[in-house]
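Data block below; observations after.
Here, each number is a calculation from the coordinates, and none is a lab measurement. In this text, all values refer to a predicted model and were calculated from it rather than measured experimentally. Glycine gets a Cβ as well: all are built from the backbone with ideal geometry, and neighbour counts include every protein chain shown.
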Amino acid sequence: MDLNYTPEELAFRDEVRAFLDETLTDDIRAKVRGHGQLTKADMEGWHAALNARGWLAPTWPKEWGGCEWNAVQRHIFEEECAMADAPRVVPFGLTMLGPVLMKYGTREQCERYLPRILSGEDWWCQGYSEPGAGSDLASLRTRAVREGDHYIVNGQKTWTTLGHFANRIFCLVRTDPDAKPQEGISFLLIDMDSPGVEIRPIILLDGTHEVNEVFFDNVKVPVENLVGEENRGWTYAKYLLMHERTGIAGVGFSRAGLAMVRRMARAEMHKGQPLLENPHFAARLAQVEIDLMAMATTNLRIVSQAAAGQAPGVESSMLKIKGTVIRQEINDLARRAAGPYALPFPSEGLEGVNEPPIGPEDAGPVAAQYFNNRKLSIFGGSNEIQRNIIAKVKLGGGR
Amino acid sequence: MNFELTEERRMLQDTLRRFLSDRYDSATRNAIMAAPEGMSAEIWSALADLGVIGALFSEPDGGYGGEGFDIAVVFEELGRAGVVEPFLDTAVLGGGLLAALGDERQRALLAEVIEGRLHLALAHYEPGSRYDMERVATTATAEGDAVVLTGAKAVVVNAEAAGHLIVSARESGAVDDPGGISLFLVPPGSKGLTLRGYPLISGGRAAEVTLEGVRVPASARLGAAGEGLAALRRALARANVALAAETLGAMETAVELTREYLLTRHQFGRPIGSFQALQHRFADLLIELEQARSAVINAAGQLDAPADERDRQISAARNLIGRAGRLVAEESIQMHGGIGMTQEYDLAHFARRIIMADHRFGDTDWHLERFIELSAA
């Protein structure tokens, strides 16, 4: 048992820190910290900077331009990025589709798509959820019917994150309506500019546009865009969701969030004393920090198991639940710390660029962030679904 | 012991509920929130004509109610419909202070308030005061027959619409001295007064108010010099009853939306409300809702108690509703899933009203501390 990083791991961490120091601009850091909406260009810029350094695809094999980092290195990288207020790398091509193509796609599909993911030429989005298929994803109804060398796709996807920036979407579609729900699903790659594809924005409760609805009306998709075998898409989807869950604990985001709350509470005065010294507030803060300290170690334990080649089981569901609950609690503390200055709505565009913020600098975005991050316990398999997974594995459904 | 509303209050409740369900649907509210004024003049005067503002004042003040339960009935209904118009600021705070402290000339404004022709705003809290009532750094200095006001006021709700601001300022004492605070009626066009307006995340508008040597006549003072705090405390107690009742109303709607969703949303071939994991959580929401209802009754029923006991009851209610409200807002969103996060779906608005209520006149923790202090006294 040794809780410390090895000298090699420490050297790697320093290398990452140095890179972040010289690459991340203050402007981008401020936007990430302040919940300012990153533009498409901001996200593409960060993508390109990582690609130039060769650090864009931590899990990919070197053959395809990846880093082949082990789980500990990936963990260090993710945590340092979060602590430095780096933007999240848009994951749909890199950590979702890429691994699926490498495992189940053809050589041609890999050669065609993987380099375009790295170069940023292709921006992928995810077509999984539907209005009637959320937690019960296998009930999805978007239909793909084979006609000659094409599929004709009809249906609707929803919660498509950053779909308005994407030129391609990977979709789960139903190819055999008579099979059991999980057995009639296929994994299809679709160009967003195909005739019959329509995208509409969904505005979230904090006024932001990050998710969309995508409609398919007799969209023609060439059969070579099928990944793997027809009707085996559920297997690939499960493989992809497993990849989606690495880094799900969000330890770095939580540490960055706690640092912000502490900064706010040091400046905020409560009865003539910094709020940070108020026993009630301090107790709330300590409670979250204690939870986070333990969760960070749980995360590292699972990460080192993964580094040793053991696939995480229910542990990733546990990390998803605990990680999101902690992050949401930190968002709640930030909202409390802001006091009355949580009330103003920081509507970009209404305020001139040179206008100073209303109230303390950190306070502006905290309420919007609190509301926006309610999504953490909903998306990527809701926390209820994660509990189902844990219970099913450990209790076998109680039967 | 009798927990029934009086006949008059029941009629007021029915009238208001019917009016709001006919005239204040989601589309109307969204249009109001998107408008630059952040409120509807038409809805305001229609509700004034219905007697909604009059219900918040006693007969000697020109109304027909004014007790804690009148406030609770009106604001619970406003909360159920997610009304964003500033009844709390104009009538309970502004009107309440005019009624409590005003001389004959100042009290003449009450008729305009009750008829829906005049807006008011209380400019009391400051950038460094957080939720502390006594902490007033804005100064009032006598110069001959005039008083000069200098300072800054934070998040003054309804400031831009107000025909008069009621500004608290210190005439003597240290910055957190309970004595020495006076209130002044300040017209919005006064020289040296600037407003920086902005929308609020849960609807309505507020402004940062700066006073740079604003000169008002001594006759603009409300009540006796340096004795404003007791009246402020009472006005804020009434505002807290209003806010607690409004939040209760919003919680009722959030829970009802959740109930309907649990019954209609199907996953895995059955309504999600048939899953026990969700049934138990929904049951907890109902329990907390009844706790919140009782907390509002406790607070409304003690509005005329001696100040310390009154405020202890108020803080108990706000602390409980802060906790129960957070549970209801967060669990309602979670049980809805993604749809509960969208602007388009009504729940978002009610969740914002519930959560952001915790940022006015003290949050859950502030009221817990105050409850402890007042219980020890």
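Residue B:326 falls short on exactly one of the conditions (1) more than 8 Å from chain A (Cβ to nearest Cβ); (2) surrounded by fewer than 24 Cβ atoms within 10 Å (Cβ to Cβ), and that condition is (1). Which of the numbered conditions does residue B:247 fail, given that it passes all the others? Conditions: (1) buried (at least 21 other Cβ atoms within 10 Å of the Cβ); (2) within 14 Å of chain A (Cβ to nearest Cβ). That leaves (2) as the condition not met. The residues in the stretch A:198-226 that are closer than 15 Å to residue A:146 by Cβ, in contact with a helix residue (DSSP H, G or I) (Cβ under 8 Å, 6 or more places away or on another chain) and crowded, with 17+ Cβ neighbours inside 10 Å can be counted, and the count is 0.
From the list B:219, B:182, B:168, the lone residue that is more than 14 Å from chain A (Cβ to nearest Cβ) and out of contact with any strand residue (DSSP E or B) (no Cβ under 7 Å at 6 or more places or on another chain) is B:219. Of the residues contained in the stretch B:38-49, one or more are found to be among the aromatic types (Phe, Trp, Tyr) and touching a residue at least 60 places away in the same chain (Cβ under 8 Å).
Listed conditions (1) under 30 Å from residue B:266 (Cβ atoms); (2) of a type in the set (Gly, Ala, Ser); (3) more than 7 Å from chain A (Cβ to nearest Cβ) are all met by residue B:348, apart from (3). When residues in the stretch A:116-158 are screened for being more than 22 Å from the chain's Cα centre (by Cα), without any contact (Cβ under 8 Å) to a residue 40 or more places away in the chain and not in a strand (DSSP E or B), 3 of them pass. In the set (1) in contact with a strand residue (DSSP E or B) (Cβ under 8 Å, 6 or more places away or on another chain); (2) part of a helix (DSSP H, G or I), residue B:38 fails one condition alone, (2). The set of residues from the stretch A:1-33 being in a loop (DSSP other than H, G, I, E, B) and either in contact with a Gly (Cβ under 7 Å, 6 or more places away or on another chain) or over 25 Å from residue A:261 (Cα atoms) (or both) comprises A:1, A:2, A:3, A:4, A:5, A:6. The set of residues in the stretch B:144-186 that are hydroxyl-bearing (Ser, Thr, Tyr) and under 25 Å from residue A:358 (Cα atoms) comprises B:150, B:168.
Looking at the stretch B:33-76, which of its residues are of a type in the set (A, V, I, L, M), more than 26 Å from residue B:3 (Cα to Cα) and surrounded by 15 or more Cβ atoms within 10 Å (Cβ to Cβ)? Listed by number, the residues that qualify are B:33, B:39, B:43, B:46, B:47, B:48. Selection of first residues in the stretch B:182-203 that are more than 17 Å from residue B:168 (Cα to Cα) and of second residues that are acidic (Asp, Glu) and assigned to a strand (DSSP E or B), restricted to Cβ pairs under 6 Å at least 6 apart or on distinct chains, gives the following pairs, ordered by first then second residue: B:196/B:208. Across the stretch B:185-208, the number of residues qualifying as of a type in the set (Ser, Thr, Tyr) and away from chain A (no Cβ under 14 Å) comes to 1. Note on the stretch A:260-299: among residues that are free of Cβ contacts under 8 Å to residues at least 12 places away in the same chain and touching an Asp or Glu at 6+ places or on another chain (Cβ under 6 Å), the one that is nearest to residue A:329 (Cα to Cα) is A:280.
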